[in-house]
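Asker: Pasting a structure below so you can have a look.
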Amino acid sequence: MKIITNGRLILTDRILEGKAIVFDDKIRAIVDNSRIGEFPGAEVIDAAGNYVSPGLVDVHCHGAGGDDTCDNKEGAIQNMSRLIAGYGVTSWLPTTMTMSKDHLRTTFAQIREAKKASAEDPAAWGGAQVLGANMEGPFINVKRKGAQAAEHVALPDFDYTMEFADVIKLLTIASEVEGGLEFIERITEETDIVCSLGHTCANYDDACACFKAGCNHVTHLFNAQSGLAHRDPGVVGAALANRNVYTEFIADTFHIHPGVFQIVADCKKDHLVLITDCMRAGGLPDGDYSLGGQPVVVKGIECRLEDGTIAGSVLRLYRAVQNLYKHTDVTLPQAVACASLNSARSIRVDDRKGSLEVGKDADILIADNDFEIINTFVGGHKVYGN
């Protein structure tokens, strides 16, 4: 048993002071600081007035620290899990790119093993828990491929997807391609996979039809999709207008100008999901890297293909929280929820992830006044300490 005391607890709607959080692998109690003596033998951790926050959930992350989900390299997913734990991430979806189906078969098999290993022994895993896979491609529109490889773009394939229905949690699809709507309807009815509209040429009406078919998620809002115009609202307009659609948002101030942050926050509220879309260069110096087999040049917060196309990011999720908080009037609990509870709800794991509530997994952060990460606990085990 462990107890974090003398912290400011970030709940979903407020910051709570004077309380201690009691946990083992689960959060067992939230009590007055004066009551910690009621738990003899517990390890007491003094938060020293810092924030105590729910762990962050990154539902869209390709890589970090030189590794990529699609490298199919032994140990890569665990290495990434350990690195991003230092960025406040306690659970995540390793995210694929548009590769050949055979290549992805190997990738999904590795994610399946990582999911099992990280759940069974969090201490040995030593990093963010793997909740499954985010399948970004190949069922996209080649005209909006972005940094995806055109030669591997494919039409939606239900039977192929079903091979990994136990692994895939989130799946990007361009609903306007042949068989797209039928695929969404069947996936929604027969699996627990969440469909996400993205890398798409859909217009506003197409997007609304996609949402009606069962899709309730949009991949990296504004990027690789039709934008918002007053006579042509596009995917962006459909996403902002539909309150039930979870909307990914790369708050790095490069993919999206900070002036747009408040508009999106006002429209999406508890359906705004902060993501990183991080690539292998995350945590590494500027230079030449690759994404999905394509060369990428990284300079500061910008990641681009040789032709200038934006290619992922090097964003850290806690910095996305900082940026949203800085550039909007949302409260800190609301900003944190956009990277924790909202994310967990979007992939239907909020029964155990995303907030500091009794009975949920003990995925907990200690962060300073600027929300820089000090300690990270996953399933009650300390996996990062600054």
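The values are calculated or read from the model by the stated rules, or taken from the named source; none is laboratory data. Since this is a predicted model, take the numbers as computed values, not measurements. Backbone-built Cβ (ideal geometry, glycine too); neighbour counts: all protein chains shown. Heavy atoms of the whole protein, side chains included, go into the accessibility calculation; ligands, DNA and RNA do not. Shrake-Rupley method; radii C 1.70, N 1.55, O 1.52, S 1.80 Å.
Asker: Hey, any idea what % of the range 1-55's accessible area is carbon plus sulfur with a 1.4 Å probe?
Answerer: Working: 1180 of 2610 Å².
For the range 1-55, the apolar C and S fraction of the accessible surface comes to 45 percent.
Asker: Rounded to the nearest Å, what's the spacing between the alpha carbon centres of the range 313-386 and the range 220-250? Just the number, please.
Answerer: 25 Å
Asker: Quick check on my link table: of Lys101/Lys145; Lys101/Lys299; Lys145/Lys353; Lys19/Lys353; Lys212/Lys360; Lys116/Lys299, which ones sit more than 26 Å apart, alpha carbon to alpha carbon?
Answerer: On the way: Lys101/Lys145 17 Å; Lys101/Lys299 32 Å; Lys145/Lys353 32 Å; Lys19/Lys353 20 Å; Lys212/Lys360 32 Å; Lys116/Lys299 36 Å.
The answer is Lys101/Lys299; Lys145/Lys353; Lys212/Lys360; Lys116/Lys299.
Asker: To continue, here is another question. When the helix-only estimate is applied to the chain (DSSP H runs of n ≥ 4, each -39,500 (n - 2.57), divided by the residue count), what is the mean residue ellipticity at 222 nm, nearest 500 deg cm²/dmol?
Answerer: Details: 11 runs with 99 residues, N = 386.
After summing the helix terms and dividing by the residues of the chain, the value is -7000 deg cm²/dmol.
Asker: Hey, what's the range 166-271 come to in accessible area per residue, 1.4 Å probe, Å²? Intermediate results must be reported in sequence, preceding the final value.
Answerer: On the way: 4210 Å² over 106 residues.
Here the per-residue accessible area is 40 Å².
Asker: If one takes the longest principal axis of the Cα atoms in the chain, at what angle in degrees, from 0 to 90 and to the nearest 10, does the Cα axis of helix 317-327 lie?
Answerer: Rounded to the nearest ten degrees, it is 90.
Asker: Direction-averaged shadow area of the convex hull around the Cα atoms of the range 147-247, nm²?
Answerer: Numbers: hull surface 25.4 nm².
Projected over every direction and averaged, the Cα hull of the range 147-247 covers 6.3 nm².
Asker: Another question, then. For the range 183-326, what log10 I(q)/I(0) values come out of the Debye formula at q = 0.20 1/Å, with one point per alpha carbon and no solvent?
Answerer: For the range 183-326, the Cα-only Debye profile gives -1.21.
Asker: So, one more: With axes computed from alpha carbons, what is the tilt in degrees of helix 180-190 against the longest principal axis of the chain, rounded to the nearest 10 within 0 to 90?
Answerer: For 180-190 against the chain, the angle is about 40 degrees.
Asker: Past the 18 angstrom mark, what percentage of all C-alpha to C-alpha distances in the range 9-154 do you count?
Answerer: In whole percent, the share of Cα-Cα pairs in the range 9-154 beyond 18 Å is 64.
Asker: Could you state the orientation-averaged shadow area of the convex hull built on the Cα atoms of the range 262-386, in nm² to one decimal?
Answerer: 9.3 nm²
Asker: So for the range 206-262, Kirkwood radius off the Cα pairs, Stokes-Einstein at 10 °C and 1.306 mPa s: how many µm² s⁻¹?
Answerer: 135 µm²/s
Asker: Quick check for you: with a 1.4 Å probe and neighbouring chains kept, what is the accessible area per residue of the range 294-376, in Å²? Could the numbers behind the result be given before it?
Answerer: Working: 3220 Å² over 83 residues.
I get 39 Å² per residue for the range 294-376.
Asker: Write down Rg/Rh for the range 264-318, rounded to two decimals, with Rg from the C-alpha atoms and Rh from the Kirkwood relation over Cα pairs.
Answerer: Details: Rg = 13.2 Å, Rh = 12.2 Å.
Dividing the radius of gyration by the Kirkwood radius yields 1.08.
Asker: Please figure out what share of the DSSP beta bridges in the chain is antiparallel and state it in percent, rounded to the nearest 5.
Answerer: Values: 37 of 65 bridges.
Percent antiparallel among DSSP bridges in the chain is about 55.
Asker: Same structure, new question: Amide H neighbours of Ala362 under 5 Å, counting only residues 5+ apart in sequence or on other chains, H built in-plane at 1.01 Å?
Answerer: Lys26, Ile27, Gly379, Gly380
Asker: Further question on the same structure: At 1.4 Å probe size, with every protein chain present, just tell me what the per residue accessible area of the range 1-113 comes to in Å².
Answerer: Values: 4220 Å² over 113 residues.
Per-residue accessible area for the range 1-113 comes out at 37 Å².
Asker: For the range 198-345, what % of the accessible area comes from carbon and sulfur atoms, probe 1.4 Å? Display every interim value, and only then the final one.
Answerer: Details: 2890 of 5820 Å².
Carbon plus sulfur share of accessible area: 50 percent.
Asker: Once you have the Cα-Cα distance between Asn33 and Thr309, take 0.36 nm times their residue separation minus that, and quote the gain in nm to one decimal. Could the numbers behind the result be given before it?
Answerer: Numbers: separation 276, 0.36 × 276 = 99.36 nm, distance 5.20 nm.
Length difference between fully extended and current span is 94.2 nm.
Asker: From the square roots a ≥ b ≥ c of the eigenvalues of the alpha-carbon gyration tensor of the range 335-386, which class results: rounded (a/c under 1.5), prolate (a/b over b/c), or oblate?
Answerer: Working: a/c = 2.43, a/b = 1.39, b/c = 1.75.
Taking the square roots of the gyration eigenvalues as a ≥ b ≥ c, the range 335-386 is oblate.
Asker: Can you give the Rg to Rh ratio for the range 20-72, taking only C-alpha atoms and Rh from Kirkwood?
Answerer: Rounded to two decimals, Rg/Rh equals 1.20.
Asker: Hey, quick one: spin label on Thr106, modelled 7 Å out along Cα-Cβ, who in the range 70-87 has an amide N within reach, i.e. under 19 Å?
Answerer: In the range 70-87, the label zone of Thr106 (backbone N under 19 Å from the point 7 Å along Cα→Cβ) covers 70-80.
Asker: Pairs of alpha-carbon atoms within less than 8 angstrom and 6+ residues apart define the contacts here; what relative contact order does the range 159-216 have, in percent? Write down the numbers at each step before the final one.
Answerer: On the way: 73 pairs, mean separation 22.8, N = 58.
Dividing the mean separation by the residue count of the range 159-216 yields 39 percent.
Asker: At a threshold of 8 angstrom on Cα-Cα distance, excluding pairs fewer than six apart, so keeping six or more, what relative contact order does the range 216-288 reach in percent? Write down the numbers at each step before the final one.
Answerer: On the way: 82 pairs, mean separation 21.5, N = 73.
29 percent.
Asker: Working from the alpha-carbon coordinates of the range 114-153, get Rg over Rh, Rh being the Kirkwood radius.
Answerer: On the way: Rg = 15.7 Å, Rh = 12.4 Å.
Result: Rg/Rh = 1.27.
Asker: So what is the relative contact order of the chain, in percent, for Cα pairs below 8 Å that sit 6 or more residues apart?
Answerer: Details: 965 pairs, mean separation 79.4, N = 386.
Relative contact order here is 21 percent.
Asker: Separate question: What spacing in nm lies between the two simple spin-label points modelled at Ile301 and Thr331, each 7 Å away from Cα in the Cβ direction?
Answerer: The answer from the label model is 2.6 nm.
Asker: Another question about this same structure. Quick check: pseudo-label points 7 Å beyond the Cα along Cα→Cβ at Arg14 and His230, how many nm apart are they?
Answerer: Reported label-point gap for Arg14 and His230 is 4.3 nm.
Asker: Can you run phi through the Karplus equation (6.51, -1.76, 1.60; θ = phi - 60°) for the range 126-132 and list ³J(HN,Hα) in whole Hz, with x for Gly and Pro?
Answerer: The phi angles translate into x, x, 4, 6, 8, 8, x Hz.
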